[in-house]
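A.B. asks: Okay, handing you the structure first.
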Amino acid sequence: MAAAMAWLRRGAWGPARRGCGLAAVRSYSGGGAYPSVSLTCPLPGVPKAVFAAAEGRERFETRVTVLENGLRVASQKKFGQFCTVGLLINSGSRHEAKYLSGISHFLEKLAFSSTAQFGSKDEILLTLEKHGGICDCQASRDTIMYAVSADAKGLDTVVNLLADVALQPRLSDEEIEMTRTAIRFELEDLNMRPDPEPLLTEMIHAAAYRDNTVGLNRFCPVENTDKIDREVLHSYLRNYYTPDRMVLAGVGIEHEQLVECARKHLLGVEPVWGSGQTKDVDRSVAQYTGGIVKVEKDMSDVSLGPTPIPELTHIMIGLESCSFLEEDFIPFAVLNMMMGGGGSFSAGGPGKGMFTRLYLNVLNRHHWMYNATSYHHSYEDTGLLCIHASADPKQVREMVEIITREFILMAGAVGEVELERAKTQLKSMLMMNLESRPVIFEDVGRQVLATNTRKLPHELCALISQVKSADIKRVVTKMLHKKPAVAALGDLTDLPTYEHIQTALSSKDGRLPRMYRLFR
């Protein structure tokens with residue numbers, strides 16, 4: 001014991017030495033001494049270490065080059081062995097007014113199937129596997145995105161593959177039939193799943209932009225699955241898959257290398273549908289209409305089992321905000337973060353949103369509400385701020401009034417603490433998301449597609465910091481002058497009329513008009 005205490009007092013490294021002579025004096029278990037190596041002086045025979053230093057801002061800027069055919073090539077440097085590269089195309093369900101609804105849904109499912117160079121999807125996946133790559137395609141209302149993450153050394157193979165997938169798909173009868181089956185299954189699953197959020201999002205867009213642009217259905221209607229064939233797809237692709245509507249974006253690669261690959265594989269390429277003159281390109285601007293879409297549905301058996309989800313009625317109320325190109329987009333983003341919300345069973349601290357208005361004013365005060373969440377959908381020419389709430393069908397009227405009151409309270413006083421918390425949370429979420437390479441890729445591609453340039457994270461953070469409570473009040477006051485959009489799903493027996501909801505949003509306190517009944 002005494003020996004052990006002496007060892008502790010002396011220290012495991014033995015007696016200390018001064019200056020460059022400070023070294024560890026320890027012994028091997030066999031008795032031999034460790035070599036005397038200094039901890040402060042350079043190691044003999046080892047090159048001098050070169051430490052990373054902060055470089056100029058230009059290193060972090062997104063570089064953009066426009067090719068002769070109008071294709072934009074954008075890149076962003078990022079340290080690492082892997083890169084994410086993809087094609088973003090200004091094409092989506094909002095452009096299907098003159099076509100059968102559901103074409104973008106079909107193209108999303110048909111992506112990375114057989115092409116002129118690759119005989120099957122398996123062949124494509126095997127090619128990517130050689131470079132440790134994965135692929136994905138996502139279609140939204142205004143953009144379709146083909147993306148690949150792979151080793152940066154395989155960049156030429158990746159760009160060649162992307163060009164072939166986007167411009168030379170075979171679209172065989174067998175692949176189209178398999179896609180029809182996949183879409184039918186997805187639509188069936190969409191109507192059966194316990195979480196109705198995707199369905200409500202479709203409904204609120206249909207109500208807000210009735211029969212135009214972003215209000216058109218993102219999913220293929222069942223009746224159109226058998227009508228969409230190769231000829232229909234080619235007629236659409238001929239108009240929308242043109243170089244001037246495309247961006248080749250890459251993260252984690254050198255810009256010159258990406259431009260060289262783009263020239264090699266995307267310049268002067270004849271698409272499989274021909275390169276005739278485009279004539280049916282839809283350049284319509286979104287027209288906000290407001291309105292209501294209701295779907296009466298039995299929600300009592302959506303989730304059976306030992307702990308079934310109770311029967312709920314879901315309501316989503318929205319108002320037009322602004323496009324992401326406008327200055328008011330940042331105040332709306334802060335407002336959405338300030339409203340926050342979530343499910344009644346969600347747990348966590350301030351970073352999870354427990355101090356947002358929909359938690360403090362709604363979920364914490366009304367135990368019978370299962371959900372209250374704020375969403376902000378923003379596009380190139382419009383935007384939609386909405387609140388989704390769910391509760392027992394017998395309390396629908398009370399739930400709607402609570403939400404309309406929250407909309408009215410948005411235009412009231414905004415506390416300095418809650419505003420700063422929302423701004424800090426928004427900046428934190430922005431920076432954390434932009435640590436992910438695929439997220440950076442999508443951000444680069446979407447911004448360049450819309451504006452030909454990119455706002456960097458520090459610029460966005462500066463804009464967020466400048467938001468004042470007066471900005472929130474100004475954008476909300478403007479928003480409340482618009483007609484509401486309402487989506488309702490479930491047992492709607494006690495749902496207030498659209499006119500009553502509109503009256504509540506026009507009042508000073510957000511209350512619904514009182515109803516008097518002779519018989520109860």
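A.B. asks: HN-Hα J couplings of the range 73-89 from phi, Karplus 6.51/-1.76/1.60, θ = phi - 60°, integer Hz, Gly and Pro as x?
C.D. replies: Whole-Hz 3J(HN,Hα) from phi for the range 73-89: 10, 10, 9, 9, 6, 7, 5, x, 7, 9, 10, 10, 10, x, 9, 10, 10.
A.B. asks: While we're here: Report the extension gain between Asp494 and Leu267 in nm, rounded to one decimal, defined as 0.36 nm multiplied by the number of residues separating them, less their alpha carbon distance.
C.D. replies: Net length gain for the segment: 75.8 nm.
A.B. asks: What is the magnitude of the charge dipole of the range 291-506 about its Cα centre, with +1 placed on the Cβ of each Lys and Arg, -1 on the Cβ of each Asp and Glu, and no other charges, expressed in debye to the nearest 20?
C.D. replies: 520
A.B. asks: Using only Cα atoms, tell me the angle between helix 416-433 and the longest principal axis of the chain; keep it within 0 to 90° and round to the nearest 10.
C.D. replies: Once rounded, one gets 70 degrees.
A.B. asks: Oh, and also: Any chance you could check the Cα centroid distance between the range 264-311 and the range 450-507 for me, in angstrom?
C.D. replies: Each part reduced to its Cα centre gives a spacing of 22 Å.
A.B. asks: Normalised by the empirical 2.2 N^0.38 Å for globular proteins, what value does the Cα Rg of the chain take?
C.D. replies: 1.22
A.B. asks: Which ³J(HN,Hα) values, rounded to whole Hz and listed in residue order, are derived for the range 394-400 from phi using the Karplus coefficients 6.51, -1.76 and 1.60 in 6.51 cos²θ - 1.76 cosθ + 1.60 with θ = phi - 60°, glycine and proline given as x?
C.D. replies: Once rounded to whole Hz, the list reads 6, 10, 4, 4, 5, 4, 4.
A.B. asks: Oh, and also: For the range 430-503, what % of the accessible area comes from carbon and sulfur atoms, probe 1.4 Å?
C.D. replies: The nonpolar share, carbon plus sulfur, comes to 55 percent.
A.B. asks: Which value in nm describes the separation of the simple spin-label points at Lys227 and Gln81, placed 7 Å from the Cα toward the beta carbon?
C.D. replies: 5.1
A.B. asks: Just need the relative contact order of the chain here, percent rounded to a whole number, with Cα pairs under 8 Å and 6+ apart.
C.D. replies: The value is 17 percent.
A.B. asks: Roll a 1.4 angstrom probe over the protein heavy atoms and tell me the percent of accessible area of the range 63-267 that is carbon or sulfur.
C.D. replies: The value for the range 63-267 is 51 percent carbon and sulfur by accessible area.
A.B. asks: Between Asn452 and His481, what length in nm is gained on full extension when 0.36 nm per residue of separation is reduced by their alpha carbon distance?
C.D. replies: 7.2 nm
A.B. asks: Nothing charged except the Cβ atoms of Lys and Arg (+1) and of Asp and Glu (-1): what's the magnitude of the dipole of the chain about its Cα centre? Round to the nearest 20 debye.
C.D. replies: 2420
A.B. asks: Using a/c under 1.5 as the rounded threshold, could you call the range 63-267 rounded, prolate or oblate? The axes a ≥ b ≥ c are square roots of the C-alpha gyration tensor eigenvalues, and prolate needs a/b larger than b/c, oblate otherwise.
C.D. replies: prolate
A.B. asks: Moving on. Just how much of Arg474 is accessible, in Å², when a 1.4 Å probe is used and the result is rounded to the nearest 10?
C.D. replies: Solvent-accessible area, nearest 10 Å²: 110 Å².
A.B. asks: Per residue, how much accessible area does the range 291-506 show when a 1.4 Å probe rolls over the protein heavy atoms, in square angstrom?
C.D. replies: I get 44 Å² per residue for this part.
A.B. asks: With the dipole of the chain worked out from charges on the C-beta (+1 for Lys and Arg, -1 for Asp and Glu) around the Cα centre, which of Ala163, Tyr498, Thr356 lies farthest toward the positive end?
C.D. replies: Final value for the positive-end residue is Thr356.
A.B. asks: Starting from the 7 Å offset along Cα-to-Cβ, what nm value, one decimal, do you get for the label separation of Ser323 and Ala470?
C.D. replies: Here the answer is 2.7 nm between the modelled labels.
A.B. asks: Taking only DSSP H segments of four or more residues, each worth -39500 (n - 2.57), what value at 222 nm results for the chain once the sum is divided by all its residues, to the nearest 500 deg cm²/dmol?
C.D. replies: Result for the chain, helices only: -11000 deg cm²/dmol.
A.B. asks: What Kirkwood hydrodynamic radius do you get for the range 291-506 when you take the inverse of the mean 1/r over all pairs of distinct Cα atoms, in Å?
C.D. replies: 18.5
A.B. asks: Taking 0.36 nm per residue of separation and subtracting the Cα-Cα distance, what length does fully extending Gln277 through Glu177 add?
C.D. replies: So the extension gain works out to 33.0 nm.
A.B. asks: Would you mind telling me the antiparallel percentage of the DSSP bridges in the chain, rounded to 5?
C.D. replies: 85
The values are calculated or read from the model by the stated rules, or taken from the named source; none is laboratory data. Since we're looking at a predicted model, the values are computed, not measured. In this analysis, Cβ positions are derived from the backbone assuming ideal geometry, glycine residues included, and neighbour counts consider all displayed protein chains. Ligands, DNA and RNA are stripped out before the accessible areas are found, and what is left, the full protein with its side chains, is counted by its heavy atoms. Shrake-Rupley method; radii C 1.70, N 1.55, O 1.52, S 1.80 Å.
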